[in-house]
Structure formats: C-alpha cells, structure tokens
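A short write-up of the structure that comes next.
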Amino acid sequence: MSPSRVLVCDDELLIRLWLEEKLTDAGYAVVCAEDGGSALRLQQAEPADLVLLDLRLPDISGQQVLERLKAEEPDLPIIMMTAYGDVDTAVAAVRAGAHHFLEKPVERGELLLLIEQAFETKRLKGQVMLSRELNRWTFSEVTIVGHSPAIREIVEFIERLAGRGGPTTVLIRGESGTGKDVVARAIHARGPRRDGAFIDVNCTALPEQLLESELFGHEAGAFTDAKSSKRGLVELAEGGTIFLDEIGEMPISAQAKLLRFIEARRFRRVGGIRDLEVDVQVLVATNRNLEEAVERGGFREDLFYRLNVVPIVLPPLRQRREDIAPLTTLFIEQLASGMRRPGPEVSVGAMRLMESYDWPGNARQIRNILERIMLFYDVDRIQPEHLPPEIGGVSTEEVLDFVLPSEGVDLEEIQKSLIEQALARAGGNKTEAARLLGISRDTLRYRLEKYQIGQNQ
C-alpha cells in the first residue's frame, strides 16, 4: 500500500523543510508549496490525502485556500497553522471545514497525532456514508447490513441457496447477539417458501415436559389436561419455515424425535398412532459448541451431523469491526422510527470508541445501548460521554484516580484534578490529554485558562 500523501503549504523555507523531514520519517509522502497558488495547482495536478496549511501566505490567505480546497473536495482533511494565535480566525477556519488548528512552533508529537486523527476521522466518515448508501441487503422486511467479507459471504450464500430451490435444513452458528435470527429470516424471505409461515421457536423458553407437545402436537387424552387434539408448531409451519433457536439447549430426550422428523419430514403427535407428513424448511441456530456437547453426551452425534449439512457461521463483532458503523446507523434509524423522532448522528469520537470496544453482546448489545442513549439523552449527536463507561474510554481505569469525598463535593475541583491527571498521563501533550478526557482541544484550552493550570510553569 502506497503511503498517504501530505501537502505542506508554508511560505517559510525552514518550516517547510522541518515538516517535510518529520513527516517523511513518520512514513508519509510529502510535497511542499510556498504559497497558496502553488498549493492549489499541486492539489489539482496530484491530489494529496491531507493538507497542512499556513494561515498567512504571500499571495492569498490560507482561509481562501481552505475554502477553495473544501469546495473541490469537501472530505479533504486540512490542518491550519499560524504563529499568531488568533482565536477568532481559528474558529472561522474550523467552521469553514478545517480539521484542527495548530499554533507555531509546531510540536512533532502533537502534529503526528492530529494527522493520525484526521485520517481516522476521514475513514470513519466514509464508513458511515457507506453504511447509509451501500452494503444493505433487504429480503422482504429483513435487512442485513455490513461490508465485512464475512457478511458479504453470508449474503452471497443466501442468494445461492435461494437459486437452488432453497435448502431443507440449515445450521446457523454464532455467539449470542450476532444476528442468527436475522439470517434465518433472510433465508426464509429469499427462498421459495417465502409466502409460507415463519415459526420462531426458542428451545430454552419451553419446559422440557412440554417441548415435544409444542413442536409436534398431541392427541386428546395423551396426558393430563389434554382435553382435545392440538396441532404442533411443525404443522403450523406447513409450506413455510420453522426456526429452532438455541437448538443446543434442547433436552436429549426430544432430540431423537427431532432427528426422525428432519430426516423424513414425518412425525407423530404425542399420544398419536399415525404418522403425519409436512413440507417445511428447518432452520436451527445455536451459540454452543455442538462438537463439545456431543463429546460430553449432551447432544446426539447423529443429529449434529444431520444438522451440519449446510452450516453458516456468524463471526462476532470483534472479528468484523467494520460492521459496527453500519449496524449503528441501521439501529438508530429503526429506533428513531419507533420513537417517532429524528435519530441522532454519532460523533467521530464516539464511533472510534465503539469500534475499539469488543462488544461481548455483539449486535444486540449495540442496539440496547443505543436505545438507552436515545431514551435518556435528547441530543442531536451522540458523544463519547453518552456511552457507558466500559465503552467510553474515559473510565476509572484510564484517567479517573480522583476519589470523591463523602461530603462537600466541589465539582470544579474534580474537573481541575482530572485535567491535571490527564496532562500528566499525556506527558503534557494537550491533544492527547483532550482525547483521554473525551473533550475537544479547544475545550481543554478554555478549561486550562479557567483553572489557571500550567500558567506558572
């Protein structure tokens, strides 16, 4: 992969040479311009991936260069530089689309961190846009999202199954919350039995003594309280699909009858004397390791091999982090529709934290957390501080060493203490300290002045 290309525009030769040396050492391809006109021509001839732009240039202002570059390429990351510390100009530059504002003399560590963050911001924005425009597959009312290779393979697999008349049995495997039920519904919706019923059965929700009766039905008098005959769920699924979720939890006593049914699509009601036949598709799912269950004697080996003919494996989110952004977008849209309100956007900082989290509850956990945020925070944009502590990164493990007193809490003293701790952990780097605190660098700068931190050093 070729290195990212950075355009440096500054009228001072020594600064250009210094920046070129430091950025080249960091692995970037660097091209330099001494004025605004040259920068615009270079960007048009061979576009850079990021621009370092001085505010004061000999021909046209850096502000004008910024506006012209943004008009041509709105997503181009631009970091402004100035030796004058003009706050009003800095605000205007950020409003015009600058990623950030650096004061000279530029610190190498801060510069490299800002560039890295700018590229990460561009990547995340592109990923969110992709999640809105691409990588959505709708099967009837079922939507699968993601642009990881694993999700693409699953979608292609569903299409292949449908093109071959649809399978009779599919085993869907994956951790809890990965979306096994969504895949099952998509298989049904895309297949030849789409107009039939889709019967969803959670094997853990039915007591062992009732499971067989619920699945296969019973005749009158088969057991106490069986005053009349009852059709089972497999009969109700005639011409459609029955989905047995958490099949690994099915008691061993019911597995023999399920095996016979899967092999012949024939069954006998509890207390019945004749076999019944149905045309149904059987989809099963589990989060358990069935091979281990077979070894322990908790799952029939012959049933496992009969189910495992057409397997689909859904990897956990920690192995496909690129699907977190599109899933987040989809869930926000769904929740906003249910709540009859506009859905909030997700800030780049919050999305970065979400993508770095392992999500042990997978997609279900994302949806639950987003629902909680939308219920308790009436905001247009989800920020890092809205995320739970285990995701937000600004938790007791990383920054918060401050112990709350039992009484007489001074919130300003707490804020001041946290800022001092963050600066200490960041080695004085304000950008890194702001990241640890989950605030912008401008907010940190304001609070440093407010609390007079570091002014006497």
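The values are calculated or read from the model by the stated rules, or taken from the named source; none is laboratory data. Since we're looking at a predicted model, the values are computed, not measured. Methodologically, a virtual Cβ is constructed for each residue, glycine included, from the backbone with ideal geometry; neighbour enumeration extends over all protein chains shown. The protein model used for the area step is the full one, side chains on, heavy atoms only, and it has no ligands, DNA or RNA in it. Shrake-Rupley method; radii C 1.70, N 1.55, O 1.52, S 1.80 Å.
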Legend entry - Those residues of the stretch 156-178 which are farther than 21 Å from ILE262 by Cα and either touching a residue at least 60 places away in the same chain (Cβ under 8 Å) or buried (at least 17 other Cβ atoms within 10 Å of the Cβ) (or both), in sequence order: PHE157, GLY174, GLU175, SER176, GLY177, THR178
Inset, instruction - Evaluate the stretch 344-367: report whether one residue or more is open to solvent by less than 40 Å² (accessible area, probe 1.4 Å) and more than 16 Å from the chain's Cα centre (by Cα). - result: no
Inset, instruction - Name the helices (runs of 4 or more DSSP H) wholly inside the stretch 1-114 in which the number of residues that are out of contact with any Leu (no Cβ under 9 Å at 6 or more places or on another chain) and modelled with pLDDT of 85 or more is 2 or more. - result: 13-25, 36-45, 62-72
Inset, instruction - Scan the stretch 321-330 and give yes if some residue there is more than 13 Å from the chain's Cα centre (by Cα) and open to solvent by 20 Å² or more (accessible area, probe 1.4 Å), otherwise no. - result: no
Inset, instruction - Determine, yes or no, whether ARG68 is in contact with a helix residue (DSSP H, G or I) (Cβ under 8 Å, 6 or more places away or on another chain), closer than 21 Å to GLU103 by Cα and of a type in the set (D, E, K, R). - result: no
Inset, instruction - May I ask you to list pairs of residues, at least six apart or on different chains, whose Cβ atoms are under 9 Å apart, with the first in the stretch 265-285 being within 18 Å of GLY191 (Cα to Cα) and in a strand (DSSP E or B) and the second being of a type in the set (S, T, N, Q) and open to solvent by 40 Å² or more (accessible area, probe 1.4 Å)? - result: GLN281/THR168; VAL282/THR168
Legend entry - Candidate set: the stretch 216-234, residues that are under 17 Å from PHE261 (Cα atoms) and in contact with a strand residue (DSSP E or B) (Cβ under 7 Å, 6 or more places away or on another chain); chosen: the one surrounded by the fewest Cβ atoms within 10 Å (Cβ to Cβ): LEU233
Legend entry - Among the candidates VAL65, VAL30, VAL106, VAL51, residue that is in contact with an Asp or Glu (Cβ under 8 Å, 6 or more places away or on another chain) and either closer than 20 Å to ARG441 by Cβ or open to solvent by less than 40 Å² (accessible area, probe 1.4 Å) (or both): VAL30
Inset, instruction - Check the stretch 288-295 and report whether any residue there is assigned to a helix (DSSP H, G or I) and buried (at least 18 other Cβ atoms within 10 Å of the Cβ). - result: yes
Inset, instruction - Confirm whether ARG260 is at pLDDT below 95 and either touching a Lys or Arg at 6+ places or on another chain (Cβ under 9 Å) or of a type in the set (Phe, Trp, Tyr) (or both). - result: yes
Legend entry - Cβ-Cβ under 8 Å pairs, at least 6 apart or on other chains, the stretch 13-42 side farther than 28 Å from ALA71 by Cα and among the aliphatic types (A, V, I, L, M), far side open to solvent by 50 Å² or more (accessible area, probe 1.4 Å) and not in a loop (DSSP other than H, G, I, E, B): none
Legend entry - Which numbered condition VAL284 misses (of (1) under 15 Å from the mean Cα position of the chain (by Cα); (2) crowded, with 22+ Cβ neighbours inside 10 Å): (1)
